[in-house]
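Here's the structure, in structure tokens; my notes come after.
Every number in this text was worked out from the coordinates using simple rules, so none of it is lab data. Keep in mind that this is a model prediction, so the values were computed, not measured. Glycine gets a Cβ as well: all are built from the backbone with ideal geometry, and neighbour counts include every protein chain shown.
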Amino acid sequence: MRYEYKIEKYIFSNHNLVKIDSRDIKRGDIFLALKGSKKHGNEFVSHAIKKGAKYCISDQKFVTKNKKIIFVKNIFNFISLIAQKKRFKYKGNVIAITGSAGKTTLKETLSFFLLKKFKTSFSQKSYNNYLGVLLSILNLDLKSKYAVFELGTNNFGEIRILTKLVKPLEIFITNIQSTHLENFENKKNIAKEKSEIFFYKYNNLRKKIYLNIISESEKIILQKAKIQKNLKIVLVNNKSKKYFIKKIIDKNNYFEVYFSIKNKIIKIYTDNIIESRLNNLLFCYAFFVENKIDDKIISKFFNKLKPVDGRGLQHKICINNINVNVIDESYNANPDTMLQSVEYFSNLRLPPNKKILILGDMNELGKISYKMHIKLLNNIELYRFKLVLLCGEFLRRSVSKIKLQNNHYVYLENKIKMINFIKNNIHKNDIILIKCSNKTEVNSFTKKLLSMKVN
């Protein structure tokens, strides 16, 4: 039996066993020895074999011979072909989620509810680029009823490539925000790029799209969806007659949220009002109703939902024998989500003098970077915090432009100084919110800070 067929058959018969990090390897897994920015995966093949890898696939030959090490000419071509075949074999409902922000959270939320009743596959972590989507398909359980993917893009033409791979039947577009403007220049171009996920010429299997239309750029998506043939549009917002949030009542200690779901009122209780999370619930209610699934599952279990790592997950850490709560939103940031996080933090029912806001630069904004950081700080001045810690070149340059500073701003250039500052300025019952783009100094600081987590 040729090795290609042997590996293909093994991947088809199993799920969640293809890994790109040798530290994640378990017995029976397949390790892909990919070329990284600094090292080649070949350096970790021995480690993967020791941990029990069944196969290690590489496109760089080894001197050492081992039956578990498989050489291929081009590893991406090899796994792409298998992924396409596995997608073709899958007969369940494929769901794809795209948008500027909230893809991972909606994917995790929808999968959480579906798993209460059905066998469901979903992409791990934030696997939404070409490699991530390939891995998600390779790790798909062919016996699952639903498969949920997230598709990302930071340049033109990427969504169509991923769409051709995944071929979703049902599609969610969460929002259009100011992300990756370095390449896209404006939100209108982002909307056009995201729209390609439901174009018939890239995916003739798509049947339904779920949209929450709020901004002018999101209206572009709606216009493009309307001219597509055989595509049902499901609107989930206050202009929708079927799915919308009817009202929110503040009860001092909690909130009552009333959803209107196909003329039926569903009431839930929640401690905090976070717009993106309520929108995710609305998306899920719509999906369940459209697919004739009992939506009582959502009402029953939504309070057991936990925020995703780096996207609002709360941690308790211990500094100088003082327990402190940290809200971690360090995975990514854009001008829209930054303002949403600041507003949310301000609205928490805690004294302003207990709130420490830590911000890092927003990446990939191109020519408007400086302008957006100044705008952010001006908006922060509408609220009050104990401290606002800043790190990053754009924030350093921007803070000097704030003339009347009602908040106390502290600029620190690296994670070591930030850690030391926090250690010397933290007090009992303080709460910290961290927001920044990925791969910034603040992002690195967060990992160090959370290592002090209380078990």
When each of Lys201/Lys447; Lys9/Lys116; Lys306/Lys386; Lys86/Lys448 is checked by Cα-Cα distance, pairs over 32 Å: Lys201/Lys447; Lys86/Lys448
Residues other than Tyr200 with Cβ under 10 Å of its Cβ, Lys/Arg counted +1 and Asp/Glu -1, net out at +3
Links that overshoot a 19 Å alpha carbon limit, given the list Lys316/Lys417; Lys208/Lys292; Lys164/Lys226; Lys208/Lys264; Lys187/Lys435; Lys316/Lys355: Lys316/Lys417; Lys164/Lys226; Lys208/Lys264; Lys187/Lys435
Where the centroid of each part is defined by its Cα atoms, how far is region 212-282 from region 1-65 in Å? 43 Å
Net length gained if the chain between Asn74 and Ser37 were fully extended (0.36 nm per residue, minus Cα distance): 11.6 nm
Can you tally the net charge around Asp29? Count Lys and Arg as +1, Asp and Glu as -1, for every other residue whose Cβ sits under 10 Å from the Cβ of Asp29. +4
Hey, what number do you get for the chain at 222 nm if only DSSP H runs of n ≥ 4 count, each worth -39500 (n - 2.57), divided across all residues, to the nearest 500? -10500 deg cm²/dmol
Based on the mean of other beta carbon atoms within 10 Å per residue, what is the order of 258-267, 205-214, 223-232, most packed first? 205-214, 258-267, 223-232
Could you work out how far apart the two model spin labels at Glu185 and Lys65 are, taking each label as a point 7 Å from the Cα in the direction of the beta carbon, and quote it in nm? 5.7 nm
Protection proxy ranking of 37-50, 348-361 - average other beta-carbon atoms within 10 Å, highest first: 348-361, 37-50
Between Asn238 and Arg396, what is the spin-label point distance in nm, taking each point 7 Å from the Cα along the Cα→C-beta axis? 4.3 nm
Nearest 5 percent is fine: what portion of the DSSP beta bridges confined to region 90-304 is antiparallel? 40 percent
Among beta bridges assigned by DSSP with both residues in the chain, the antiparallel ones amount in percent, to the nearest 5, to 30 percent
How much net charge surrounds Asn321 when only other residues with a Cβ under 12 Å from its Cβ are counted (Lys, Arg +1; Asp, Glu -1)? +2
Need one number for region 90-304: average projected area of the convex hull over its C-alpha atoms, nm². 11.7 nm²
Say each of Tyr200 and Asp24 gets a label point 7 Å from the Cα, pointing the same way as Cα to Cβ; how far apart are those two points in nm? 3.8 nm
Listed by chain and number, the residues whose amide H is under 5 Å from that of Cys56, excluding neighbours fewer than 5 places away on the same chain and using placed H, are Phe31, Ile69, Ile70
If you average the sequence gap of Cα pairs under 8 Å that are 6 or more apart and divide by the length of the chain, what percent do you get for the contact order? 10 percent
Between Lys125 and Lys403, what FRET efficiency comes out of the Förster formula 1/(1 + (r/R0)^6) with R0 = 41 Å and r the beta carbon distance, rounded to 0.05? 0.45
Could you calculate the FRET efficiency of Ile322 with Lys264 from 1/(1 + (r/R0)^6), where r is the beta carbon distance between them and R0 is 41 Å, rounded to 0.05? 0.30
What percent of all Cα-Cα pairs in the chain falls in each 10 Å bin, counting up from 0? 4, 18, 26, 27, 18, 6, 1, 0
